[in-house]
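S.K.: The structure that follows is given in the form of structure tokens.
The values are calculated or read from the model by the stated rules, or taken from the named source; none is laboratory data. The model shown is predicted, which means the values in this text are computed figures rather than measured ones. Glycine also receives a Cβ, built like all others from the backbone with ideal geometry; neighbour counts cover every protein chain displayed.
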Amino acid sequence: MKAAFLIASLAAVATADVRQHRYTCVKNNCKLQPLTSNNVAGTTSLAICELTCGGQGSLWPQPDSVSVGTETVAISTWSANHRIVYNGKAAYDASPLVSLFKTNFHQALRYKGAQGNGKDIEITANIKSASEVLDLNTDESYDLSVDGIKVTINAATVFGYRNALTTLAQLTEFDEFSNTVRLVTKVTIKDSPAYKNRGITIDTSRNFYSVESLKRIIRTMGGNKLNTFHWHVSDTNSYPFQSKVFPNITNYGASTAKQIYTHDEIRDIVKYAKGFGVRVVPELDAPAHVGAGWEWGPDAGLGELVLCYGANPWFDSCVQPPCGQLNPLNDNVYKILEGLHNEWLSLFDSDVFHMGGDEVHVGCWNQSAAVYPFVKDRNDPKSFFHLWGEFQVRSAKVIEKAQKKVMLWSSDLTTPDFYKYLPTNNTIVHIWSDYAGGDTKRLTDAGYEVVLSYWDAHYLDCGFGGWVNKGNGWC
């Protein structure tokens, strides 16, 4: 009987007429009003209040200049009238990429949850350049104005147009009172990115991600105007890419037969990312962080390609297990790298190629008979760093020939004694040292472009809000 009474009580609560909370904007904050304030003028649902309160709404990231009104109008989530003008000339047939931008915009509206019972938005986009190249020099700026249901976008490129559509989607919200998606009716925005490279790094060597998982991350990046998916593809742990040039790299390097990204999947990810204003920057880490996929050299008559792989005790040969560093004195290593670099360049269209290049452990090369007899001074770490620099110059030739910029992690090689191996006009340093370390000023003063990923701020395991204790992880 008690159980039956409990079920009946829960059913009664579920069907009760629960009053909806209302909010009003007070001093740029949404304030909850008493339940007795239903239908009182100036009160709205929380979503609509946040959309219009404070003059900036709920836009993210905040534009350079923004003015948001307080009135909204119900709009259709299923259709909108788009008029595209390129440099003063109307374009009646949008390119596949621009059509994809439109589709993604409408999907963002439909995710709001209404049935689309409202007015069609009228969008006019004036775009200076029809170029669809997305690189570090792409102008992603835009101006956006809304007057009722009329939207005007002025953008330098199609990617500025895409950013404007992303902002426009953020100017809409589902209203639980009217069961409609509503658009702010008075908006003026001028916006441009503060940084040319705004990205997220994903490591698929230590932890394999499905293609759909990567696409979900990319969609989220696009919604937040992040433009660079830095794909840390391989590491000592695995090589999860299909290689048609050197199949043994994949046969030995993949964790399982199902944890491999095929060429078709890679091309699909690159194309998909561009539809969200995201470029894919691949990273083939070397000469350290290499192991799985490189151990077949002796059996193939190519000599030792990788040294110290799986060394035990590991701390004499690397900074974290499993160990592994390429053999910098084996010519076959460079032939394989040349083939892999060309293969990757055929799959990715980014203007930047990340070559990794950090955490080379002197101990590995210093205990290898394949290396230490040829080093000038075995007791001087700089002798090994010069060997590392020569490796970098030689292995980067394919990347430079393809007119791509080289990106490298900050390391012992990115210090003044070894700048000669890293031309400032073609090297971007990806800084992962701590915020207070001074690397940023030193490298920019030396003429290098830098990307910042401070470990004590931006790493999800160690940075602000990090969850790994000091004793349990590398940080």
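S.K.: Restricting attention to the range 206-239, report how many residues are without any contact (Cβ under 8 Å) to a residue 40 or more places away in the chain, in a loop (DSSP other than H, G, I, E, B) and among the hydroxyl-bearing types (S, T, Y).
M.R.: Result for the range 206-239: 2.
S.K.: Within the range 374-394, identify whether any single residue is closer than 27 Å to E304 by Cα, at pLDDT below 95 and among the β-branched types (V, I, T), and answer yes or no.
M.R.: yes
S.K.: Follow-up. Restricting to the range 170-187, name every residue that is part of a strand (DSSP E or B) and in contact with an Asp or Glu (Cβ under 8 Å, 6 or more places away or on another chain).
M.R.: The answer is E173, V181, R182, V184, K186.
S.K.: Considering only the range 106-123, I want to know if a residue exists there that is at negative phi, of a type in the set (S, T, Y) and touching a residue at least 40 places away in the same chain (Cβ under 8 Å).
M.R.: Within the range 106-123 (the criterion being at negative phi, of a type in the set (S, T, Y) and touching a residue at least 40 places away in the same chain (Cβ under 8 Å)), the answer is no, since none of the residues qualifies.
S.K.: Also, quick follow-up: Pairs needed: first member in the range 130-158, farther than 25 Å from L171 by Cα and assigned by TED's automatic domain parsing to the domain that holds V281; second member anywhere, of a type outside the set (S, T, N, Q) and in a strand (DSSP E or B); C-beta distance under 7 Å; at least 6 residues apart or different chains.
M.R.: none
S.K.: Turning to a different aspect of this structure: Would you say R216 is surrounded by fewer than 17 Cβ atoms within 10 Å (Cβ to Cβ) and more than 11 Å from the chain's Cα centre (by Cα)?
M.R.: Spelling it out, R216 is indeed surrounded by fewer than 17 Cβ atoms within 10 Å (Cβ to Cβ) and more than 11 Å from the chain's Cα centre (by Cα).
S.K.: Still on this structure, please answer the following. Contact list please: Cβ distance under 6 Å, first residue in the range 63-89 and assigned by TED's automatic domain parsing to the domain that holds I123 and of a type in the set (S, T, N, Q), second residue part of a loop (DSSP other than H, G, I, E, B) and surrounded by 19 or more Cβ atoms within 10 Å (Cβ to Cβ), pairs at least six apart or on different chains.
M.R.: The qualifying pairs are S76/G118; T77/A114.
S.K.: Here is a follow-up. Would you pick out the residues in the range 345-357 that are under 19 Å from A288 (Cα atoms) and out of contact with any helix residue (DSSP H, G or I) (no Cβ under 8 Å at 6 or more places or on another chain)?
M.R.: H354, G356
S.K.: Have a look at Y272, Y309 and point out the one that is modelled with pLDDT of 95 or more, assigned by TED's automatic domain parsing to the domain that holds G223, part of a helix (DSSP H, G or I) and of a type in the set (S, T, Y).
M.R.: Y272
S.K.: Related question: Restricting to the range 304-323, name every residue that is surrounded by fewer than 20 Cβ atoms within 10 Å (Cβ to Cβ) and either free of Cβ contacts under 8 Å to residues at least 12 places away in the same chain or under 30 Å from the mean Cα position of the chain (by Cα) (or both).
M.R.: N312, P313, W314, F315, V319, Q320, P321, P322
S.K.: Would you say A292 is touching a strand residue (DSSP E or B) at 6+ places or on another chain (Cβ under 8 Å) and not hydroxyl-bearing (S, T, Y)?
M.R.: no
S.K.: Could I ask something else about it? Report those strands (runs of 3 or more DSSP E) wholly inside the range 20-102 carrying at least 3 residues which are at pLDDT 90 or above and either within 21 Å of G277 (Cα to Cα) or of a type outside the set (A, V, I, L, M, F, W, C) (or both).
M.R.: So the answer is 72-86.
S.K.: Here's a check for you: in the range 185-213, which residue that is of a type in the set (A, V, I, L, M) and surrounded by fewer than 20 Cβ atoms within 10 Å (Cβ to Cβ) is nearest to T72 (Cα to Cα)?
M.R.: Only one residue tops the list, namely A194.
S.K.: Continuing with this model, one more query. Pick from the range 93-105 the residues that are in contact with a strand residue (DSSP E or B) (Cβ under 7 Å, 6 or more places away or on another chain) and touching a residue at least 60 places away in the same chain (Cβ under 8 Å): which of them is surrounded by the most Cβ atoms within 10 Å (Cβ to Cβ)?
M.R.: V98
S.K.: Looking for whichever is among the polar types (S, T, N, Q), within 14 Å of L171 (Cα to Cα) and over 24 Å from the mean Cα position of the chain (by Cα) here; the options are T72, T36. Which one fits?
M.R.: T72
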